[in-house]
Amino acid sequence: MNERPDVVKLCSELVRIDSENPPGDTSAVIDYIQNIFENFDIPFLRTDLPGGKSNIQTVLQNRPLLLLGHVDVVPAMPDGWEYDPFSGKIVDGYIFGRGTADMKGGCAAIITAFIDKWLENRDVPANLCFVCDEESGGPSGTRHLIREGLLQPCDCLIAECTPSLHPSIGQKGILRMRIEFNGEPGHGSLYPEVGVSSIEKALEFVCHVREINRRTYPVSEEFDCIIKESGKIIGKATGISSVENILKKVTYNPGIIRGGERVNIVAQKCCLELEMRIPWGCSPEELLEELGSICTNDRITAKEFSWPTYTDENSDIVRIALENIQKVYKDTPSPFVQWAATDARFLRKNGFNVIEYGPGEINTLHGVNEAVSIEELKKSVEVYKGIIQYYTGE
């Protein structure tokens with residue numbers, strides 16, 4: 001019989017496999033996971049799409065729990081890293097490298113927990129799934145698998161990095177758009193008496209968005225308490241003092257702007273790409289309609305659109321996660337909601353009850369010297385095993 005996997009070794013070896021997105025070729029890391037499944041005779045389905053967009057999932061029938069992870073990572077340049085970002089270096093109780101926190105540490109932990117249960121009894125009440133492109137919105141990963149009917153609604157745990165005592169049960173929505181502003185060209189020396197600047201129209205549009213940021217939106221008293229507690233949890237983990245405002249308001253980022261033809265011509269064309277994160281109580285549809293009303297002679301296109309999502313804190317997956325976190329950490333856990341977007345939004349939209357909970361140093365996410373604590377990695381395995389055990393019905 002094959003030996004049980006070592007979560008530390010597994011995490012380090014996963015990190016050594018470069019799966020940066022872009023370009024998003026995950027075939028090598030999926031090869032690695034496939035080899036594990038084959039070694040333990042775990043039935044699986046592999047999905048390979050163009051460009052090396054590879055996913056893999058176990059295919060145990062009618063399981064009430066899904067453990068999901070993404071194996072793509074954001075790019076890492078070596079500048080500023082203490083160790084090579086794809087070394088998986090183990091030093092002083094930590095594993096370092098791109099993806100240790102987001103989220104190959106979590107992937108290693110759910111694999112380890114699943115196989116531990118598989119070796120006890122092959123009737124594991126869960127499936128594993130690893131997808132290729134969470135970092136670019138999931139078109140070839142989670143969204144593809146849902147669209148093809150390869151994932152069926154159930155309780156789901158995504159092993160994304162969270163504070164050790166706090167599973168995430170909700171996320172703000174997203175509105176990403178492209179606005180093409182049209183102006184009237186003229187000689188630059190005569191502006192603003194002559195011509196209409198598309199660039200200035202873009203700036204006025206951003207000023208309107210800034211005013212939207214000042215608004216607050218009504219939620220229930222119960223959910224308002226969750227938001228306040230979430231602000232404290234995230235603030236403690238990140239050092240950001242204004243998290244409650246971030247969760248309650250529409251936040252925005254004018255990420256890309258291009259416009260103008262020459263410095264002495266009133267700009268005829270300008271294009272703005274803008275992202276907004278939508279809080280609970282705010283309708284992204286109404287927001288898009290409002291923004292469209294001030295772009296009467298311009299073209300506004302929604303590139304991505306999703307409502308804020310939330311899993312009921314009284315649901316089984318939340319309750320059982322909290323019970324097992326308390327058992328392992330000997331401390332009082334609580335759920336929180338966040339501003340970041342993950343594959344949870346697509347799963348919730350399609351009937352899954354989803355939480356996120358996983359190991360990693362939050363303040364290193366997408367940064368240099370990304371890391372995961374070995375102690376936290378091992379404790380996550382124990383939490384996952386406890387959650388799996390609940391779904392056996394014993």
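The values are calculated or read from the model by the stated rules, or taken from the named source; none is laboratory data. If you're wondering where the values come from, they're calculated on a predicted model, not measured in any experiment. Virtual Cβ from ideal backbone geometry, glycine too; neighbours counted across all protein chains shown. Please note that ligands, DNA and RNA were not included when accessible areas were found on the heavy atoms of the full protein model with its side chains. Shrake-Rupley method; radii C 1.70, N 1.55, O 1.52, S 1.80 Å.
When you check LEU45 against the structure, is it assigned to a strand (DSSP E or B), under 17 Å from GLU160 (Cβ atoms) and not aromatic (Phe, Trp, Tyr), yes or no?
In short, no.
Does ILE355 satisfy the criteria of being assigned to a strand (DSSP E or B) and under 23 Å from TRP118 (Cβ atoms)?
Judged against the criteria, ILE355 is a match.
Would you please list the contacts, defined by Cβ atoms under 7 Å and residues six or more apart or on different chains, that run from a residue in the range 99-113 that is at negative phi to a residue that is among the aromatic types (Phe, Trp, Tyr) and open to solvent by less than 10 Å² (accessible area, probe 1.4 Å)?
CYS107/PHE130; ALA109/TYR384; ILE110/TYR384; ALA113/TYR384
Among residues belonging to the range 342-368 that are within 13 Å of SER164 (Cα to Cα) and among the charged types (D, E, K, R), point out the one that is modelled with the highest pLDDT.
GLU356
Of the residues that make up the range 90-98, is at least one surrounded by 24 or more Cβ atoms within 10 Å (Cβ to Cβ), touching a helix residue (DSSP H, G or I) at 6+ places or on another chain (Cβ under 6 Å) and either without any contact (Cβ under 8 Å) to a residue 60 or more places away in the chain or under 25 Å from PRO163 (Cα atoms) (or both)?
yes
Within the range 10-37, take every residue that is polar (S, T, N, Q) and not in a loop (DSSP other than H, G, I, E, B) and give me the one that is surrounded by the most Cβ atoms within 10 Å (Cβ to Cβ).
Here the residue is SER12.
Kindly establish whether ASP84 is touching a Pro at 6+ places or on another chain (Cβ under 7 Å), of a type in the set (Asp, Glu) and surrounded by 24 or more Cβ atoms within 10 Å (Cβ to Cβ).
Considered against the rule, which asks whether it is touching a Pro at 6+ places or on another chain (Cβ under 7 Å), of a type in the set (Asp, Glu) and surrounded by 24 or more Cβ atoms within 10 Å (Cβ to Cβ), ASP84 comes out as no.
Which numbered condition in (1) in contact with a helix residue (DSSP H, G or I) (Cβ under 8 Å, 6 or more places away or on another chain); (2) open to solvent by 10 Å² or more (accessible area, probe 1.4 Å); (3) not hydrophobic (A, V, I, L, M, F, W, C) is the only one that GLY358 fails?
Of the numbered conditions (1) in contact with a helix residue (DSSP H, G or I) (Cβ under 8 Å, 6 or more places away or on another chain); (2) open to solvent by 10 Å² or more (accessible area, probe 1.4 Å); (3) not hydrophobic (A, V, I, L, M, F, W, C), the odd one out for GLY358 is (2).
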